[in-house]
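A quick write-up on the structure given underneath.
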Amino acid sequence: QVIKCKAAVLWEANKPFSIEEVEVAPPKENEVRIKITATGICRSDDHVVTGALAMPFPIILGHEAAGVVESVGQGVTSVKPGDKVIPLFVPQCGECKSCLNTKSNLCTKNDLLLGAGLMPDGTTRFTCKGKAVHHFLGTSTFTEYTVVPEFSVAKIDSAAPLEKVCLIGCGFSTGYGAAVQTAKVEPGSTCAVFGLGGVGLSVVMGCKAAGASRIIAVDINSDKFAKAKELGATDCINPKDFEKPIHEVVMEMTGQGVDYSFEVIGRTDTMTAALACCQYNYGVSVIVGVPPAAKNITFDPMLLFTGRSWKGSVFGGWKSKDSVPKLVADYMKKKFVLDPLITHTLPFTKINEGFDLLRTGK
């Protein structure tokens with residue numbers, strides 16, 4: 001039956017979240033209803049608030065979470081009620097060209113490119129004050145209960161601490177995978193990471209795990225440097241401390257630029273700076289931050305002509321349904337840490353305070 005619960009509804013752009021009572025419909029065929037126990041706040045959610053990522057309103061945001069299956073619709077075989085799960089904002093249907101190709105992970109059933117904010121059948125499972133409320137990226141985790149398609153959920157180890165492994169639903173996997181999967185950083189290589197939020201720090205961890213000899217961390221907030229060093233950064237630089245462009249600073253520090261660079265902010269100026277600071281012939285630069293809507297990049301094509309590669313990475317290049325349970329298993333075996341990425345733990349009703357902490361770089 002219908003569940004009534006609390007959710008953080010965003011009625012329009014540039015307004016705070018409103019904690020409302022919503023009705024969550026039961027799962028239809030091939031759908032799963034999940035009780036969300038922990039959710040992270042990600043900059044991509046904030047991009048919808050500011051309008052940098054275009055989505056329809058009203059909407060329930062949130063895409064980095066963990067919870068327990070409450071009920072399943074007809075035909076669901078991969079999870080059952082009581083299973084611990086992580087919702088997947090990059091689905092894995094297992095049938096489309098992307099899913100069938102070993103080189104790709106962005107399943108065509110994703111809602112990142114389309115931005116429809118609906119379930120696969122074109123309808124929504126959320127109602128508030130008699131109004132239909134949109135879903136976000138097939139996940140919508142800023143609610144006590146959500147409904148997701150079966151191809152957007154992964155069953156994980158029943159012993160996993162949900163308040164930690166929720167980060168594997170986006171931030172950690174996105175950053176760590178950008179280094180080990182997309183860039184394929186090699187032992188002894190040099191790296192530069194632009195942006196030291198949770199995802200940027202996860203890139204630093206990925207570079208370190210891959211054996212990079214030098215990891216240059218770049219951020220305009222020097223308060224982030226201690227944690228970056230703790231997680232593996234060898235050098236930390238603040239663009240505000242230099243007269244010259246930051247890519248020139250990195251070039252001078254490394255001789256010919258880094259082997260790998262990562263833009264983990266979502267700004268076009270830092271994307272071109274990251275490209276320019278990698279080695280002119282074999283350097284690889286990876287765009288990890290969500291690009292702002294309606295912004296184009298202008299750059300000198302000579303930067304690419306000499307041999308550099310520019311790549312994008314969504315969800316760290318992982319095939320989600322296959323990889324998330326394995327990443328959780330790796331966490332349980334202590335192959336990486338998640339605690340340093342968690343700065344604050346707040347009750348759900350204080351979600352607006354959480355976003356304030358994000359926006360002030362805390």
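The values are calculated or read from the model by the stated rules, or taken from the named source; none is laboratory data. All values reported here derive from a predicted model rather than from experimental measurement. Note: ideal-geometry Cβ built from the backbone for every residue, glycine included; neighbour counts use all protein chains shown. What goes into the accessible areas is simple: the full protein's heavy atoms, side chains included, and nothing from ligands, DNA or RNA. Shrake-Rupley method; radii C 1.70, N 1.55, O 1.52, S 1.80 Å.
Of the residues ARG43, ARG33, which is touching a residue at least 40 places away in the same chain (Cβ under 8 Å) and closer than 15 Å to ARG125 by Cβ? First the steps, then the outcome.
Values: ARG43 fails: closer than 15 Å to ARG125 by Cβ.
Within the list ARG43, ARG33, the selection yields ARG33.
Mind checking which pairs have a first residue in the stretch 315-334 that is closer than 15 Å to SER78 by Cα and at pLDDT 95 or above and a second that is hydroxyl-bearing (Ser, Thr, Tyr) and open to solvent by 40 Å² or more (accessible area, probe 1.4 Å), Cβ under 8 Å, 6 or more apart or different chains?
Listed by first residue and then by second, the contacts come to LYS321/SER78.
Please give the number of the condition ASP111 fails out of (1) touching a residue at least 60 places away in the same chain (Cβ under 8 Å); (2) surrounded by 21 or more Cβ atoms within 10 Å (Cβ to Cβ).
Every listed condition holds for ASP111 apart from (1).
Any chance the stretch 92-103 includes a residue that's open to solvent by less than 10 Å² (accessible area, probe 1.4 Å) and under 19 Å from the mean Cα position of the chain (by Cα)? Before you say what the answer is, go through the steps one by one.
From the stretch 92-103, those open to solvent by less than 10 Å² (accessible area, probe 1.4 Å) are none; that's our starting set.
Checked against the condition, which is being open to solvent by less than 10 Å² (accessible area, probe 1.4 Å) and under 19 Å from the mean Cα position of the chain (by Cα), the stretch 92-103 yields no hits at all.
Please state which of the following conditions ASN221 fails to meet, knowing it meets all the rest: (1) closer than 30 Å to CYS93 by Cβ; (2) open to solvent by 20 Å² or more (accessible area, probe 1.4 Å).
(1)
Got a sec? Which helices (runs of 4 or more DSSP H) wholly within the stretch 265-352 have at least 3 residues that are under 23 Å from VAL218 (Cα atoms) and of a type in the set (A, V, I, L, M)?
On the way: elements: 268-276, 302-305, 320-332.
The helices (runs of 4 or more DSSP H) meeting that bar are 268-276.
Restricting attention to the stretch 280-287, does a residue exist that is small (Gly, Ala, Ser), surrounded by 16 or more Cβ atoms within 10 Å (Cβ to Cβ), over 19 Å from ALA66 (Cβ atoms) and in contact (Cβ under 8 Å) with a residue 60 or more places away in the chain?
Step one: list which residues in the stretch 280-287 are small (Gly, Ala, Ser), which gives 283, 285.
The next check asks that each one be surrounded by 16 or more Cβ atoms within 10 Å (Cβ to Cβ); those that pass are 283, 285.
Imposing the further condition that a residue be over 19 Å from ALA66 (Cβ atoms) reduces the set to 283, 285.
With in contact (Cβ under 8 Å) with a residue 60 or more places away in the chain added as a condition, the list becomes none.
Within the stretch 280-287, not a single residue is small (Gly, Ala, Ser), surrounded by 16 or more Cβ atoms within 10 Å (Cβ to Cβ), over 19 Å from ALA66 (Cβ atoms) and in contact (Cβ under 8 Å) with a residue 60 or more places away in the chain.
Within the stretch 242-269, count every residue that is of a type outside the set (Phe, Trp, Tyr) and either open to solvent by less than 30 Å² (accessible area, probe 1.4 Å) or within 19 Å of GLY206 (Cα to Cα) (or both).
Selection size over the stretch 242-269: 11.
Could you please let me know if LYS333 is in the same structural domain as GLY51 (by the TED database) and either within 17 Å of THR174 (Cβ to Cβ) or among the small types (Gly, Ala, Ser) (or both)?
no
Scanning the stretch 1-51 for residues that are polar (S, T, N, Q) and more than 21 Å from LEU167 (Cβ to Cβ), which turns out surrounded by the most Cβ atoms within 10 Å (Cβ to Cβ)?
Looking only at the stretch 1-51, we keep the residues that are polar (S, T, N, Q), and these are 1, 14, 18, 30, 37, 39, 44, 50.
Filter once more, keeping what is more than 21 Å from LEU167 (Cβ to Cβ): 1, 14, 18, 30, 50.
Details: GLN1: 5, ASN14: 8, SER18: 14, ASN30: 17, THR50: 13.
Filtering the stretch 1-51 for residues that are polar (S, T, N, Q) and more than 21 Å from LEU167 (Cβ to Cβ), the one surrounded by the most Cβ atoms within 10 Å (Cβ to Cβ) comes out as ASN30.
Against the definition (closer than 19 Å to THR37 by Cα, of a type outside the set (D, E, K, R), open to solvent by less than 50 Å² (accessible area, probe 1.4 Å) and not in a loop (DSSP other than H, G, I, E, B)), how does LEU167 come out, yes or no?
Working: closer than 19 Å to THR37 by Cα: yes; of a type outside the set (D, E, K, R): yes; open to solvent by less than 50 Å² (accessible area, probe 1.4 Å): yes; not in a loop (DSSP other than H, G, I, E, B): yes.
Here the answer is yes, as LEU167 does meet what is asked.
Among residues belonging to the stretch 154-190 that are out of contact with any Ser or Thr (no Cβ under 9 Å at 6 or more places or on another chain) and of a type outside the set (Val, Ile, Thr), point out the one that is farthest from THR343 (Cα to Cα).
Looking at the filtered set, the residue picked out is GLU186.
When you go through GLY206, GLY232, GLY177 one by one, which is the residue that is modelled with pLDDT of 95 or more, out of contact with any Pro (no Cβ under 6 Å at 6 or more places or on another chain) and assigned to a loop (DSSP other than H, G, I, E, B)? Can you show your working first?
On the way: GLY206 fails: assigned to a loop (DSSP other than H, G, I, E, B); GLY177 fails: assigned to a loop (DSSP other than H, G, I, E, B).
From the options GLY206, GLY232, GLY177, the qualifying one is GLY232.
Inside the stretch 20-134, counting only strands (runs of 3 or more DSSP E) that do not spill past its ends, which hold 1 or more residues that are acidic (Asp, Glu) and at pLDDT 95 or above? Give the derivation first.
Working: elements: 31-39, 65-72, 84-87, 126-128, 131-133.
Strands (runs of 3 or more DSSP E) meeting the threshold: 31-39, 65-72.
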